[in-house]
Amino acid sequence: TKFWLVIPAAGVGARMAADRPKQYLQIAGRCILEHTLHCFLDHPGLLGAVVCVAVDDPFWPQLPLARDPRIRRAPGGRERADSVLAGLESLLAGGADRDDWVLVHDAARPNLTPEDLDRLLDSLTDDPVGGLLAVPVRDTLKRIGRDGRVLETVDRSVIWQAYTPQMFRLGALREALAQALEEGVAVTDEASAMEWAGQSPRLIEGRADNLKVTRPEDLHYLQSIWPQDR
Ligand code: CTP
Ligand code: MG
């Protein structure tokens, strides 16, 4: 399956509270964003990639990958969805087809395996809508009241966590995101924009360790499990 790639990488990493945005923190000699891009650059289906970075980002131009001819840069936006939309527009302006598949994957998710990527692509290549990697929740879930006390235990068998990559048709995703943003709808991932547009994305079960580095303990965990030769 051939696909384009959009990597939103314009966040500041407030919850990580490091001296730089978390996508530029190191794991085993390379920064998180480099690891993330390498998950895709080795894939034969990759048509091209866009990395959405803040306009005043001093770190991206320093990376060797900034000069890779398969990767172009787009300006980041205020929210993640604005950054993704800028990436999609950049692909369409560069000649990508509306009906092509596009994968959107968080810069801060460097531990995607080739097996998960292939399962997503293979499972969705003939799908009319598209979908995303996701993980069933593991813990017992409680719905609580304002006083912090339990109202009920929720049926967890129907609750999944949305991961990335998320895979949709370029034109359909661009329209859904643009309209949702215009209407002021909260879109925290691509699927929620597609849902808002009336579509029902498919969930493909992925590995739980394809986690998004959000807080310092996430980085420490990945540093501790990272293979030395990767
Ligand atoms: N992102 C982006 N543009 C934004 C906000 C976020 O491209 N305006 C990207 C981040 O760089 C990250 C991904 O979206 O790769 C997921 O967002 P998140 O984990 O929230 O990252 P940050 O916004 O950087 O972190 P925080 O919310 O803690 O500040
Ligand atoms: Mg954020």
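Observations, loosely collected:
- First in the stretch 8-28 and farther than 20 Å from PRO165 by Cα and among the basic types (Lys, Arg), second anywhere and more than 6 Å from ligand 1 (Cβ to nearest atom) and in a loop (DSSP other than H, G, I, E, B), Cβ under 8 Å, 6 or more apart: ARG15/ARG215; ARG20/PHE59
- Any hit, the stretch 138-147, residues being hydrophobic (A, V, I, L, M, F, W, C) and in contact with a Gly (Cβ under 6 Å, 6 or more places away or on another chain): no
- The stretch 122-138 residues that are within 16 Å of VAL102 (Cβ to Cβ), paired with ones that are of a type outside the set (Ser, Thr, Tyr) and assigned to a loop (DSSP other than H, G, I, E, B) (beta carbon under 7 Å, 6 or more apart): VAL129/GLN199; VAL129/PRO201; GLY130/PRO201; GLY131/PRO201; LEU132/PRO201; LEU133/GLY206; LEU133/ASN210
- Residue list for the stretch 21-35, filter: assigned to a helix (DSSP H, G or I) and away from ligand 2 (no atom under 16 Å from the Cβ): GLU34, HIS35
- The residues of the stretch 1-20 that are under 30 Å from ALA172 (Cα atoms) and within 15 Å of ligand 2 (Cβ to nearest atom), listed by number, are ILE7, PRO8, ALA9, ALA10, GLY11, VAL12, GLY13.
- Only residues that are over 15 Å from PHE59 (Cα atoms) and open to solvent by less than 30 Å² (accessible area, probe 1.4 Å) were counted in the stretch 9-34, giving 2.
- Answer residue from the stretch 1-56, given it is basic (Lys, Arg) and within 12 Å of ligand 1 (Cβ to nearest atom) and is nearest to HIS220 (Cα to Cα) among those: LYS22
- Among residues of the stretch 146-165 that are aliphatic (A, V, I, L, M), those with a Cβ under 7 angstrom from a residue that is open to solvent by less than 90 Å² (accessible area, probe 1.4 Å), sequence gap 6+ or separate chain, pair up as LEU151/GLY145; VAL154/LEU141; ILE159/VAL137; ILE159/LEU141; ALA162/LEU132; ALA162/ALA134; ALA162/ASP189; ALA162/ALA191.
- Screening LEU65 against (1) in contact with a His (Cβ under 9 Å, 6 or more places away or on another chain); (2) open to solvent by 60 Å² or more (accessible area, probe 1.4 Å) leaves a single unmet condition, (2).
- Qualifying residues in the stretch 104-155 (those that are among the basic types (Lys, Arg) and exposed (fewer than 10 other Cβ atoms within 10 Å of the Cβ)) - the one nearest to the chain's Cα centre (by Cα): ARG138
- Residue satisfying all of: in the stretch 183-230; of a type in the set (Val, Ile, Thr) and part of a loop (DSSP other than H, G, I, E, B); farthest from LEU117 (Cα to Cα) among these: VAL185
The values are calculated or read from the model by the stated rules, or taken from the named source; none is laboratory data. Because the structure is a prediction, the values reported are computed rather than measured. Positions of Cβ are backbone-derived with ideal geometry, glycine not excepted, and every protein chain shown enters the neighbour counts. With ligands, DNA and RNA removed, areas are computed over all heavy atoms of the protein, side chains included. Shrake-Rupley method; radii C 1.70, N 1.55, O 1.52, S 1.80 Å.
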